[in-house]
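The block underneath contains the structure these notes are about, expressed in structure tokens.
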Amino acid sequence: MPELPEVETLARGLQRELAGRRMLSVELGKTDFMDNPAEIERELPGTQIQRVERYGKFMLLRLQRPAAAAEGGVQESALLVHLGMTGTMMPRPANEPRAKHTHLVALLDDGRELRLH
């Protein structure tokens, strides 16, 4: 399991790379370790990554979505990710082959994919 300094380093790097990026679509691989994969597929597309933080040994992606015009403002949510023993989360070029055990791929508005493996 990654230790706190490793998770903190990853969170800081992702913050620099992802803050302000919008997730256009989400594709899931293996989902038996996810609490609610259908909700992830339904709710993540269209959200903007506001901030990436370390939350203990977890990665916390703070997300925002414009609310309906009648509601005004924005809707805020978060995605909590545990990296497991050897996991990583990195933005990669979309044309780069995916590594084995890539469980989440989010297409970003800059053409890259955010990949969790």
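The values are calculated or read from the model by the stated rules, or taken from the named source; none is laboratory data. Keep in mind it's a predicted model, so treat the numbers as computed, not measured. In this analysis, Cβ positions are derived from the backbone assuming ideal geometry, glycine residues included, and neighbour counts consider all displayed protein chains. Remember, those area values only see protein heavy atoms, side chains included, never the ligands or the DNA or RNA. Shrake-Rupley method; radii C 1.70, N 1.55, O 1.52, S 1.80 Å.
Details
- Neighbours by Cβ (under 8 Å, 6+ apart or cross-chain): first from segment 88-117, of a type in the set (Asp, Glu); second modelled with pLDDT of 95 or more and open to solvent by 40 Å² or more (accessible area, probe 1.4 Å): ASP109/ARG21; ASP109/ARG22; ASP109/LEU24; ASP110/ARG21; GLU113/ARG92; GLU113/PRO93; GLU113/ALA94; GLU113/LEU107
- In the set LEU114, LEU108, LEU63, only one residue is in contact with a Leu (Cβ under 7 Å, 6 or more places away or on another chain) and either closer than 14 Å to LEU10 by Cβ or among the aromatic types (Phe, Trp, Tyr) (or both); that residue is LEU114.
- Within segment 14-27, the set of residues being part of a helix (DSSP H, G or I) and open to solvent by less than 20 Å² (accessible area, probe 1.4 Å) comprises LEU14, LEU18.
- Note on segment 32-86: residues that are polar (S, T, N, Q), part of a loop (DSSP other than H, G, I, E, B) and open to solvent by less than 50 Å² (accessible area, probe 1.4 Å) amount to 1.
- Residues of segment 10-49 that are modelled with pLDDT of 95 or more and of a type in the set (Ser, Thr, Tyr): SER25, THR47.
- For the criterion of being in a strand (DSSP E or B) and touching a helix residue (DSSP H, G or I) at 6+ places or on another chain (Cβ under 9 Å), LEU107 fails.
- Verdict on GLU6 being surrounded by fewer than 17 Cβ atoms within 10 Å (Cβ to Cβ), part of a helix (DSSP H, G or I) and not hydroxyl-bearing (Ser, Thr, Tyr): yes
- Top-ranked residue of segment 87-117 - restricted to ones that are of a type in the set (Lys, Arg) and open to solvent by 60 Å² or more (accessible area, probe 1.4 Å), ranked as nearest to the chain's Cα centre (by Cα): ARG92
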